[in-house]
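Values quoted throughout were computed directly from the atomic coordinates according to the rules given, and no laboratory measurement underlies them. Just so you know, these numbers come straight off a predicted model, no measurement behind them. Using ideal geometry, Cβ is built from the backbone for each residue, glycine included, and neighbour counts are taken over all protein chains shown.
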Amino acid sequence: MTATVEKDTIRSEAKPRSVRKYSADISAMGEPFLWGLGGALAFGIILIVGFLALIFWNGFTTFWPKPIEVVTITDGTRVAGEPFRSEQYRPGPEILSGLTDDQRAEIVADEGFVGRTLYRTGNYDVTGEDFRWVSNFQVTDRAYPKDFFFFERQEWGAFVGTIASIDLNGRKLSLEELTLPGLEAEQEAARDRFDEVHHIERTDIGNVNHEINELRLDLRRAALRHGEGSPEYQELQQSNEARIAELQKDYLALANQARAIKEEDRKYRITLQTVNGEEKEIAISQIVRFYAANDLSFFEKVGVYLSRWGEFVSEEPREANTEGGILPAIFGTVVMTMLMVIIVAPFGVITALYLREYAKQGRLVTIVRISVNNLAGVPSIVYGVFGVGFFAYMLGGSIDALFYPERLPSPTFGTGGILWSALTLALLTVPVVIVATEEALSAVPRSMREGSLACGASKWQTIKWIVLPRAMPGVMTGLILAMARGAGEVAPLMLIGVVKLAPELPIDGFFPYVHLERSFMHLGFHIFDVGFQSRNSEAGKPMVFVTTLLLIGLIVLMNSSAIYVRNRLKKKFAGSQF
Amino acid sequence: MSDTATLSPTSGIGSGKGQANGGRPALPTGETNYHFVTSPEGSVIDVDKFNLWYGSAQALYDISLSFQKGLVTALIGPSGCGKSTLLRSLNRMNDLIDNLSIDGNVTIGGHDIYGPGVDVIALRKRMGMVFQKPNPFAMSIYDNVVYPLRVDGISDRRVLDETCERALRGSALWDEVKDRLKESALGMSGGQQQRLCIARAIASDPEVLLMDEPCSALDPIATAKIEELIDELRGHYTMIIVTHNMQQAGRVSDNTAFMYLGRLIEYGKTETIFTAPQVPQTRDYVTGRFG
């Protein structure tokens, strides 16, 4: 080794001029950068995949029926519920002092930590709590009795307990006498009655109310137009009163019908018993779903799981949004996003066309372009404030004064609504569309424009027939980005039209069928509301995941359909030589 | 050669003589040598002392020449000499470029192309143009050919069908594509696409056909077909063809204009240009000593 070194030294002395190296320096090679790039990509993918995995796992497991654990604790009482989650905690000295020496020694051996489990006990109306922590040292016995049921109720949330007795129109029966399938049939019949009442109250009586309200508004309109003393008003008042009297009769008939069904329904009752013996009697129709949690076969579990998903995507929410379905939110999100795309597409494309094709490329255009790009950086809540001030109060207020004076002082368009939300989000996302469209327009080959102009086409004809079709895939990319951004945006919507619970959908059977002035529910806001605004954040947590899953699914669905359209457009130009 | 005198009094055989020192081409002097063939029908486009600047850089210097009706004129010269610029000035394609300024006159049938109030669109309809690379639109073959008519608002099916067939027959493409007129034009070969572009250019029956290196992106067989086509179209249209291919210019054209560094050096009968050029720079270029 030393010999070679010496030889090298001799050679370098003999040849003082620098000799060209034939091995590459590490900094000259691309590999370290490649590792860096790959690492960055891997990091990004891990974050995204981890995030998605968390949501998917939690979202997909929420509706799976869990067993009911009955735990006997040291003071003799029992706790029954679904194990919700477990964790380690460090008990305080006041707890430690109440324990036996053995238990204390065990805790010290675990460095002061104790395991505890959160049980979803339900029975909020009886016990005043629906979740309960149980520390491991409190547990003296765990059991999974097969006669414990999990009830999902119309009101008061879940009930965990056994069935004490069933009262079918005065006939007192125990569960053994009626049998489980018999009870299921009774529950189904009771739910049918419940749905019928619901239908009469919501749809039939709703129709009557709607008509009465329309008549009242007609009369008010006539009063505003002709004055209250005018013959037109008098005439209308008379005909209206006759019609309203008829409608009142209809209303009474319907109300009686509903009352009769309700009275009948009240005769079918069930008495439930908690694990500690308290009893609670409710109407069978109050039970949305029930199952013997510890006595389910795999297929029965799948059945419960699917039935819960079905309810989730097709029903209205109940229990302050923490239970039931989210159909209005899905509907509101989709309608609002579609409306936004319909508004933002022409607006953005026309702006970009003018900026790129017609405007003289000077300082003013540069300033406009910079401003447009900067708009994308404005906090979205600012757009919400602008939307409320400009769209709802100014525009909407003017519309109300001009077209809906008879409804004042209650606003029609002069308050938050789905149209104003869509407009606000269109404003929020228009920079994305403008930038993408401008890029797409400038990417249209010059030879195409020249070919068209040389044929004697005007500039507009060239744009319409050659440039725009060619730029369409790029425009679609912009729209996809805008759609994803718009569908996930919540902050501005909270100011301009989203509500916790919308009584009516923005599209229904009443003329003019599409009600752009109505407030609506939105999945993004639903997540915020359930997760952070509900009575019990524990109860809302699974719903947050499921709703997020659904929102992501919805955006993926909308985006993939847009990408499908874009790819079909692209295919048209696939054979092009340029 | 009667036009020679009216166009430029400076015609002289001796211009530029003795400046070819050591094989390096001399700078052009600004005088043009004219000996072109005239057409019995006279000239179509007359260019008179035409100058053109891209911003502050001058691209064309005092170009004066007349394109003869029904003849094929080739524009040759080394890259950057201004052939394409000149060609594009004829149908005002250069209008798309910012900071362009011109001086001098270009007239078509006696009307000033750059005069005030000229309808550029109407002007372009009088001239078909074929570009360096085939540029069919992303439409069917049929729609490509009838595009100039659609632009004029013609939607009569019969007229469109007739025009389509006539134009495709004119560009010798009819037999190849008559069964797939509704298919995308982008599925054709490069040579077919270029002939389609020629069909599109002649569909509206223009007076002049401008071709900007129509064969530069094509293989020899496709090139031969295009040249054949130019030969067939001779007499029907006045054709002006920019080319880098000396043999092509020799084969297809009646007159040849040699340009160098933005000036027109020699404009004459093609045969003479290639066999006995009057200016040493032309001789150097056509014999391959530069360019």
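Treating only the Cβ of Lys, Arg, Asp and Glu as charged (+1, +1, -1, -1), what charge dipole size does chain A show about its Cα centre? Round to the nearest 20 debye.
Dipole of chain A, to the nearest 20 debye: 4000 debye.
Can you give me the relative contact order of segment B:136-205 as a percent, contacts being Cα pairs under 8 Å and 6 or more apart?
Worked out over segment B:136-205, it gives 53 percent.
What base-10 log of the normalised intensity I(q)/I(0) is obtained for segment A:69-147 from the Debye formula, alpha carbons as equal point scatterers, at q = 0.18, 0.19, 0.26 Å⁻¹?
Taking Cα atoms of segment A:69-147 as identical point scatterers yields -0.79, -0.87, -1.29.
Computed from the mean reciprocal separation of all distinct C-alpha pairs, what Kirkwood hydrodynamic radius does segment B:191-291 have, in Å?
For segment B:191-291, inverting the mean 1/r across all distinct Cα pairs yields 14.5 Å.
Calculated FRET efficiency, A:ILE563 and A:LEU54, Cβ-Cβ r, R0 25 Å, to nearest 0.05?
E(calc), rounded to 0.05, equals 0.50.
Fewest first, what order do B:TYR237, A:TYR268 take by the number of other Cβ atoms within 10 Å?
Exposure proxy ranking, most exposed first: A:TYR268, B:TYR237.
Enumerate the amide H contacts of A:VAL288 below 5 Å, restricted to partners 5 or more residues apart or on another chain; note that Pro and chain-start residues carry no placed amide H.
Answer set, sorted by chain and number: A:GLU152, A:ARG153, A:GLN154.
For segment B:35-83, take the convex hull of the Cα atoms, compute a quarter of its surface area, and give me that in nm², please.
Averaging across all directions leaves 4.1 nm² for the Cα convex hull.
What is the ratio of the Cα radius of gyration of segment A:88-214 to 2.2 N^0.38 Å, where N is its residue count, to two decimals?
Normalised Cα radius of gyration, segment A:88-214: 1.72.
At 7 Å along the Cα-to-beta-carbon direction for both A:GLN234 and B:ASN51, put a label point, then send me their distance in nm to one decimal.
9.2
When you look at the Cβ of every residue in A:442-455, what mean number of other chain Cβ atoms sits within 10 Å?
If you average over the peptide's residues, the count of other-chain Cβ atoms is 6.
Can you give me the pair-distance distribution of segment A:256-381, C-alpha pairs, 5 Å bins, whole percents?
Over segment A:256-381, the share of Cα pairs per 5 Å bin runs 2, 7, 8, 10, 11, 11, 8, 6, 5, 6, 6, 5, 5, 4, 3, 2, 0 percent.
With +1 on the Cβ of every Lys and Arg and -1 on the Cβ of every Asp and Glu, and nothing else charged, how large is the dipole of segment A:296-400 about its Cα centre, in debye rounded to the nearest 20?
Approximately 800 debye in magnitude.
Using Cβ counts within 10 Å as a stand-in for footprinting exposure, how do B:PHE36, A:PHE137, A:PHE573, A:PHE33 rank, fewest first?
A:PHE33, A:PHE573, A:PHE137, B:PHE36
Tell me, what is the percent relative contact order of chain A, built from C-alpha pairs under 8 Å that lie six or more residues apart?
14
If I take all pairs of Cα atoms in chain B, what percentage of them are more than 34 Å from each other?
21
To check my understanding: the extent here is largest minus smallest coordinate of the Cα atoms along each principal axis. What are those three numbers for segment A:172-266, in Å, largest first?
73, 17, 11
Only Lys, Arg, Asp and Glu count, each charged at its Cβ (+1, +1, -1, -1), so figure out the dipole size of segment A:172-266 about its Cα centre, rounded to 20 debye.
So the magnitude is around 500 debye.
Could you list B:ILE141, A:ILE507 so that the one with the fewest beta carbons within 10 Å of its beta carbon is first and the one with the most is last?
Lowest to highest Cβ neighbour count: A:ILE507, B:ILE141.
Percent relative contact order of segment B:89-180, based on C-alpha pairs within less than 8 angstrom and at least six residues apart?
About 17 percent, as a whole number.
Stokes-Einstein D for chain A at 10 °C, 1.306 mPa s, Kirkwood Rh over Cα pairs, in µm²/s?
Answer, rounded: 52 µm²/s.
I need the semi-axes of the equivalent ellipsoid of segment A:327-571: take the C-alpha gyration tensor, multiply each eigenvalue by 5, square-root it, list largest first in whole angstrom.
Equivalent ellipsoid of segment A:327-571: 36, 22, 17 Å, largest first.
Between A:ALA255 and A:ARG363, how many nm apart are label points set 7 Å from Cα along the C-beta direction?
7.3
For all pairs of alpha-carbon atoms in segment B:136-205, what percent lies in each bin of width 10 Å, listed from the first bin to the last filled one?
Per 10 Å bin, starting at 0, the Cα pair percentages come out as 24, 61, 14, 0.
On a 0 to 90 degree scale, rounded to 10, what angle separates helix B:220-233 from the longest Cα axis of chain B?
Computed tilt is about 90 degrees.
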